[in-house]
Amino acid sequence: MLRITQQRQASAAQAYYAASDYYREGQELVGSWGGIGAKLLGLEGTVSKAAFDRLCENRDPRTGTRLTQRRKAERTVGYDFTWSVPKSVSLLSALTEDPQLLDAFRQAVEETMQELETASSGTPSSRRKRCGRRPCGGGSAK
């Protein structure tokens with residue numbers, strides 16, 4: 001199952017993820033960067049609180065410089081894609097401790113995120129019209 005939540009304020013997005021410890025060590029599934037936008041920004045590996053907070057504030061995680069000209073306080077900061085499997089799969093995974101179940105789920109999420117990114121980016125010519133020379137590919141913390 002997929003649930004998509006729009007985050008409209010930087011402070012709300014930061015509080016939401018801080019409360020869920022989304023990007024912190026010690027969790028069963030630690031978030032990791034993925035997608036074209038993440039690559040363009042040099043983001044890879046585990047999601048850090050500092051990098052995530054800067055992105056929410058429309059700042060480059062490495063340099064702190066503003067990413068876009070948008071200054072509107074209530075702009076869309078991003079979207080949270082929450083993936084979950086049916087309870088029967090969770091139970092089967094817990095009872096059997098079969099790593100292939102989790103691997104299959106991760107692979108399915110990865111492939112679906114790639115498809116969503118491709119579908120949302122439009123054709124190369126429409127991307128150039130919308131974005132000019134600035135990076136406009138999607139990025140994700142998964």
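Is it fair to say ASP60 is more than 21 Å from THR118 (Cβ to Cβ) and at pLDDT 90 or above? When the stated conditions are applied, ASP60 passes them.
Within the stretch 39-53, can one find any residue that is acidic (Asp, Glu), modelled with pLDDT under 90 and surrounded by 14 or more Cβ atoms within 10 Å (Cβ to Cβ)? The answer is no; no qualifying residue exists. Within the stretch 47-67, residues that are among the polar types (S, T, N, Q) have Cβ atoms under 6 Å from residues that are outside any loop (DSSP other than H, G, I, E, B) and open to solvent by 20 Å² or more (accessible area, probe 1.4 Å) in these pairs: ASN58/ARG66, counting only partners at least 6 apart in sequence or on another chain.
Residue by residue, here is whether (1) of a type in the set (Gly, Ala, Ser); (2) under 16 Å from LEU2 (Cβ atoms); (3) surrounded by 13 or more Cβ atoms within 10 Å (Cβ to Cβ); (4) touching a Leu at 6+ places or on another chain (Cβ under 6 Å) holds:
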residue: ARG70; (1), (2), (3), (4): no, no, no, no
residue: ASP80; (1), (2), (3), (4): no, yes, yes, no
residue: SER84; (1), (2), (3), (4): yes, yes, no, no
residue: GLN100; (1), (2), (3), (4): no, no, no, no
residue: GLU110; (1), (2), (3), (4): no, yes, no, no
residue: MET113; (1), (2), (3), (4): no, yes, yes, no
residue: SER121; (1), (2), (3), (4): yes, no, yes, no
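Of the listed requirements (1) surrounded by 14 or more Cβ atoms within 10 Å (Cβ to Cβ); (2) at pLDDT 85 or above; (3) of a type in the set (Ser, Thr, Tyr), SER88 misses just one: (1). Quick check: anything in the stretch 85-92 of a type outside the set (Asp, Glu) and closer than 22 Å to TYR17 by Cα? Within the stretch 85-92, one or more residues are of a type outside the set (Asp, Glu) and closer than 22 Å to TYR17 by Cα.
Every test in (1) in contact with a helix residue (DSSP H, G or I) (Cβ under 8 Å, 6 or more places away or on another chain); (2) closer than 21 Å to LEU116 by Cβ; (3) at pLDDT below 85; (4) not charged (D, E, K, R) is passed by LEU29 save one, and that test is (1).
The values are calculated or read from the model by the stated rules, or taken from the named source; none is laboratory data. Quick caveat: nothing in here was measured; it's all calculated off a predicted structure. Every residue, glycine among them, receives a Cβ derived from its backbone with ideal geometry; neighbour counts consider all protein chains shown. For the accessible areas, the whole protein counts, side chains as well, though only heavy atoms, and no ligand, DNA or RNA atoms are used. Shrake-Rupley method; radii C 1.70, N 1.55, O 1.52, S 1.80 Å.
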